[in-house]
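Colleague: The structure follows.
The values are calculated or read from the model by the stated rules, or taken from the named source; none is laboratory data. Nothing here was measured: the structure is a model prediction, and the numbers come from that model. Note: ideal-geometry Cβ built from the backbone for every residue, glycine included; neighbour counts use all protein chains shown. In case anyone asks, the SASA skips ligands and DNA or RNA and just uses the protein heavy atoms, side chains included. Shrake-Rupley method; radii C 1.70, N 1.55, O 1.52, S 1.80 Å.
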Amino acid sequence: MPSNLPVDRDTPNCVRRIGRAVLQERPRSRICQDFSSLLTVLILAGLALGSAHARSTADQSNPCRSNCDIQLVPVVTLSDASHPGLLPDTGPIVSSDNSGRYFLASADRTRLIVFNTDGRIARLVDGGAGGAFQSVTGVLTAPDGTLVVYDILTRTLSRFDRNLKPIDARAFQARPMLLLPGDRYLHAGQIRTPEHVGQPLHILDHSGRILSSFGSTDETFRADQPLRYERRAAPSHDGTIWSAHFGRYALERWDPKTRTKVAEIVVASSWFRESMRWQGPREKPVPLIQAVWEEADLLWILLRDADPKWNPEELAGEHPIELHWLERNWDSVLEAVSLKTGDVIASRRFDRALWGLAPQLLLTSRTKGATAKSGSQVEVWRPRLVQKRGRS
């Protein structure tokens, strides 16, 4: 890069780009010595800063580690104004790819909605190489741009290239929740066959064949405790897998190669009530872990808990799972847990419903338009820690 500083052609080469101002202050015989010393200091400082940067780059979005609050940072607003009624009322799990597009199943789950970076609908995909979609329940994006879509009714895994051209379709007995190296997939949850029941984590190959099942140290299966074997999973930075219990505030880290548990964090919570079963009629709903993500030295945990004004009459009988009913009876709770200590660094309760699922740390909430023609919106957020105001 050319310098804008004046250059003295008679000065030593090592300092020609420093400029005359330096030359006027010190004898030329000392310039190279001084410059060499300065250069050494700068190199050492650069190495130190580089090392610190390597340790702290992942922490820059979450610099707070004590006396913290949780803030939701807006990412994008997805709108169905061009196709009113297309967005789902509940459970809008959003995925994104490295080109900035967003993907979401339609309200009737028969189409995949593709959004531009500005949140407007760019395209609708109604099927893949295996035929029309019937119930899209999972969308994953690979680093190379490949899109993986799972249909739970047809039990089909469909793949698309970055241009959304169908690649292939495969019969898959379990929903893939994480992409693993070597064209493998992870399913978290029960597979009720004799050889797999009681183990909540399962690795499948590209054909859908189960290669291994693990994730529990129980010697006997407890059919009377259904929540005991339900999990939410997330990738860790070192290739291991985080496994979060549904009804117990325990976060385990498992090695998929050796199928062994390598770490466990049991969070001491003042409000979380452990339960191994679903609530009975007219019982207060039990808290549940909905999602987990690892970010730097934190675990983000999304939980669901009964609204403080919960009324058993609201749950009497059958109800459609509608947004207003859901938000009246349940709250969403987001907590940041330290990987080093297992302590809850920050916790925030939301009166509205939040959704999300690993691997991408994207939270969503749902808002309805003023009129049917104005469409609805899904707000997409990322969490971060901030220092509480007015305190040190």
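Colleague: Taking 35 Å as R0, compute the FRET efficiency from the Cβ-Cβ separation of Arg170 and Lys388 and round it to 0.05.
Modeller: Working: r = 50 Å, r/R0 = 1.42.
Efficiency computed from Cβ-Cβ geometry: 0.10.
Colleague: Kindly provide log₁₀ I(q)/I(0) values, in the same order as q = 0.09, 0.10, 0.17, 0.18 Å⁻¹, from the Debye equation applied to equal alpha-carbon scatterers of the range 172-318.
Modeller: Computed log10 I(q)/I(0) values: -0.31, -0.38, -0.99, -1.08.
Colleague: OK, next. How much accessible surface does Thr117 have with a 1.4 Å probe, in Å² rounded to 10?
Modeller: Looks like 90 Å² after rounding.
Colleague: Per residue, how much space in cubic angstrom lies within the convex hull of the C-alpha atoms of the range 94-145?
Modeller: Working: hull volume 4.1 nm³, N = 52.
Dividing the Cα hull volume of the range 94-145 by its residues yields 79 Å³.
Colleague: Can you give the accessible area of Glu335 in Å² (nearest 10), computed on protein heavy atoms with a 1.4 Å probe?
Modeller: Only protein atoms counted, so the area is about 10 Å².
Colleague: Please tell me the relative contact order of the range 169-246 in percent, rounded to the nearest whole number, where contacts are Cα pairs under 8 Å and at least six residues apart.
Modeller: Working: 137 pairs, mean separation 18.6, N = 78.
Reported relative contact order: 24 percent.
Colleague: Could you give me the ³J(HN,Hα) list for the range 350-360, computed from phi with Karplus coefficients 6.51, -1.76, 1.60 and θ = phi - 60°, whole Hz, x at Gly and Pro?
Modeller: 10, 6, 9, 7, 10, 10, x, 7, 4, x, 8
Colleague: I would also like to ask the following. Which entries of Lys257/Lys284; Lys309/Lys388; Lys261/Lys309; Lys340/Lys368; Lys165/Lys261 have Cα-Cα distances beyond 31 Å here?
Modeller: Values: Lys257/Lys284 40 Å; Lys309/Lys388 27 Å; Lys261/Lys309 39 Å; Lys340/Lys368 41 Å; Lys165/Lys261 40 Å.
Violating the 31 Å Cα-Cα cut-off are Lys257/Lys284; Lys261/Lys309; Lys340/Lys368; Lys165/Lys261.
Colleague: Next question, about the same structure. Please list 3J(HN,Hα) in residue order for the range 190-200, calculated via the Karplus relation 6.51 cos²θ - 1.76 cosθ + 1.60 where θ = phi - 60°; whole Hz, with x for glycine and proline.
Modeller: The phi angles translate into 6, 10, 8, 10, x, 7, 10, 4, x, 10, x Hz.
Colleague: Please name which of Leu179, Leu140, Asn116 has its Cα lying farthest along the dipole of the range 104-219 towards the positive end, using unit charges on Cβ (Lys, Arg +1; Asp, Glu -1) and the Cα centre as origin.
Modeller: Asn116
Colleague: Also, I was wondering about something else. Give me the extension gain from Arg209 to Asp69: residue separation times 0.36 nm, minus the current Cα-Cα distance, reported in nm with one decimal. Numbers along the way, then the final one.
Modeller: Values: separation 140, 0.36 × 140 = 50.40 nm, distance 4.39 nm.
Here the segment from Arg209 to Asp69 would lengthen by 46.0 nm.
Colleague: Please report, in whole Å, how far the alpha carbons of the range 202-272 spread along each principal axis, starting with the longest.
Modeller: Answer, in whole Å and largest first: 43, 32, 19 Å.
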